[in-house]
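Notes follow once the structure below has been shown.
The values are calculated or read from the model by the stated rules, or taken from the named source; none is laboratory data. A quick note: this is a predicted structure, and the numbers were derived from the prediction, not measured. Cβ: placed from backbone, ideal geometry, glycine included. Neighbour counts: every protein chain shown. Side chains included, ligands, DNA and RNA excluded: accessible areas come from the protein's heavy atoms. Shrake-Rupley method; radii C 1.70, N 1.55, O 1.52, S 1.80 Å.
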Amino acid sequence: MKLVTYLKDGHDQLALLINGSLYDTDLLHPDLPISMAMFLNYWDDVFPVAMAAEKKVKEGLGRTVISMPFDDVQILAPVPHPTSCRDGYAFRQHVAAARRNRHVEMIPEFDQFPIFYFTNHNSIQGPGDIYCMPDHFQKLDFELEAAIAIKRAGRNIRAAEADDFIAGLMIMNDMSARTLQMDEMKLNLGPAKGKDFSTVIGPMLVTLDELESYEVPCKEGHTGKAWNLSMTCHVNGVQVSQGNVSEMDWTFAEIIERSSYGANLFAGDVIGSGTVGTGCFLELNGTGKLNNPGYVEQWLQEGDVVEMEIDCLGKLSNTIVKEDSDFSILALKKI
């Protein structure tokens, strides 16, 4: 099932995407909630109802239900108001390349346990414009990732059972202002202002039943589902990144296990995978300069169009927009 949130009469409306058309959940069945938050909180009750409604439409039994083309509405983040947002660090290739580019050894702790950080769940957005302040344009970067949404509350969840808490997968672009990020992390705290202005998810949440045929074994010594889903990112029509969700070393199940240790997860929590190998300009620029001292760095600029695509999860498109302000917090730094 493909779950989409779009703007309808000034509020977010949940719909099912079926054969390119959107069907409002409440029009498909009166017992279905109109928001993703309610759908996730009552998942075990409403998911079977939604599956039955989808089946009727696909069998041609839902002709009287009003639908609209996906491209004719304003698509929002599938989970527009997450209860929290964590981002992992699951791809060894990305971590190893970034450290190699800085001429430092691979950190052994990466292979010992999965880590994550909390980002601003109030800055979640979907497709469309990403508004950036002047300081954000100091080495503005994308990060190509996958993400999950949690469908039921849990605490101290073991990795072997953790996949049962995943509602589905979606694309994530963990936007990064690298100058702000690198400045603050010199103090061994953060990332904060380098990340909190925008995290993009979407354009849909694809439930795990749709992805069963793409399941592959996870990495040796790990626990949880993995999926053979190709990932790409284009900037202004030029491909800059390519990877695969199956390349995650730490699984979402293992990240859930660590996230929920002594802490409550809630329906509506969003968890990102972390950046795939080659999945950001920071890594690509570092590799380029390592191989060629004359390499010219590339960073996102005003007007750039960032398009991310993952097999089965759709295409996530955003345009970089400069806010009408000259306010700079970098200029406030003390000498």
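Observations on the structure shown:
- Answer residue from segment 176-218, given it is assigned to a helix (DSSP H, G or I) and among the polar types (S, T, N, Q) and is farthest from PRO78 (Cα to Cα) among those: THR179
- Residue match in segment 49-71 (condition: within 22 Å of the chain's Cα centre (by Cα), without any contact (Cβ under 8 Å) to a residue 60 or more places away in the chain and part of a helix (DSSP H, G or I)): yes
- Residues of segment 233-274 that turn out to be assigned to a loop (DSSP other than H, G, I, E, B), within 13 Å of ALA146 (Cα to Cα) and hydroxyl-bearing (Ser, Thr, Tyr), as a count: 2
- Checked against the criteria, LEU61 does not count as closer than 17 Å to LEU208 by Cα and either out of contact with any Ser or Thr (no Cβ under 7 Å at 6 or more places or on another chain) or surrounded by 15 or more Cβ atoms within 10 Å (Cβ to Cβ) (or both).
- Considering residues of segment 72-96 that are within 14 Å of the chain's Cα centre (by Cα) and among the small types (Gly, Ala, Ser) only, the residue farthest from PHE252 (Cα to Cα): ALA77
- Sole residue being under 25 Å from ARG158 (Cβ atoms) and either of a type outside the set (Val, Ile, Thr) or surrounded by 21 or more Cβ atoms within 10 Å (Cβ to Cβ) (or both), chosen from LEU189, LEU180, LEU205: LEU205
- Scope segment 302-321; condition assigned to a strand (DSSP E or B), open to solvent by less than 20 Å² (accessible area, probe 1.4 Å) and hydrophobic (A, V, I, L, M, F, W, C); matching residues: VAL306, MET308, ILE310, LEU316, ILE320
- Each residue in segment 230-266 was checked for being under 16 Å from LEU208 (Cβ atoms) and open to solvent by less than 10 Å² (accessible area, probe 1.4 Å), and 6 pass.
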